[in-house]
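Colleague: Could you have a look at this structure, given as structure tokens, before my questions?
Since every read-out is calculated from the coordinates, none of them should be taken as a lab result. Every value quoted in this text rests on a predicted model; they were computed, and no experiment measured them. Because the Cβ atoms are built from the backbone with ideal geometry, glycine has one as well, and the counts that use them run over all protein chains shown.
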Amino acid sequence: MPDQNSIRRLTFQNQLDELEKIHLAANEIVEQWNLPVHLGFTLDLVLEEAFTNIVLYAYNDKDQHEIIIEFENTGDTLLITLTDDGQPYDPTKKDDPDITAPISEREVGGLGIFLIRKMMDDVKYERISNKNVLKLTKKFTNEN
């Protein structure tokens, strides 16, 4: 059983090929902390969406930037914090897409943050010290 308040902090570069490392790290965390298997699937999708949005839209240069992902297990809640030094952007202010509209009439974009909001229990954004800080919360039980 993992220690209560287990924390893992990982640093990635602003490159899409880092997604494989994120996937492996998330799976390792799920296994080490004995988290429910279904939470692993949720983590994969949520992290892929959030990380991809940061890489594709947060930077207006081609420089190398660090994106920090921190995982915290409080025993019944998984807290995930993504921190980047990109342009300020609060994804929680984005309106949900109209998923009832025909595909040909839907506005492009916004589906990723919509999925994140639906899959997580809480999504919060802050701008701290010129950094975007996205906090994702998911409650769980250890019953696989």
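Colleague: Using only the Cα atoms, what convex hull volume per residue in Å³ does the range 6-139 have? Spell out each step's value before the answer.
Modeller: Details: hull volume 16.0 nm³, N = 134.
So the per-residue Cα hull volume is 119 Å³.
Colleague: Taking the highest mean first, how do the peptides 62-68, 73-79, 39-45 order by number of other beta carbon atoms within 10 angstrom per residue?
Modeller: Values: 62-68: 12.4, 73-79: 15.9, 39-45: 17.6.
Answer by packing, highest mean first, reads 39-45, 73-79, 62-68.
Colleague: Under 16 Å from a label point 7 Å along Cα→Cβ of ARG127: give me every residue in the range 44-82 with its amide N that close.
Modeller: Inside the label zone: 58-60.
Colleague: With label points built 7 Å along Cα→Cβ from the Cα atoms of THR11 and LYS94, find their separation and express it in nm.
Modeller: Inter-label distance under the simple model: 2.7 nm.
Colleague: How high is the relative contact order of the range 6-139? Use alpha-carbon pairs under 8 Å, at least six apart in sequence, and give a whole percent. Write out the running numbers ahead of the final one.
Modeller: Values: 190 pairs, mean separation 34.4, N = 134.
Relative contact order here is 26 percent.
Colleague: Also: Report the equivalent ellipsoid semi-axes for the range 11-66 in whole Å, largest first, defined as the square roots of five times the eigenvalues of the gyration tensor built from alpha carbon atoms. Please list the in-between numbers first.
Modeller: Numbers: eigenvalues 125, 24, 9 Å².
The equivalent ellipsoid of the range 11-66 has semi-axes of 25, 11, 7 Å.
Colleague: Let me ask something else about it. For a protection proxy built on the mean count of beta-carbon atoms within 10 angstrom, sort 81-87, 20-26 highest first, please.
Modeller: Going from most to least packed, we get 81-87, 20-26.
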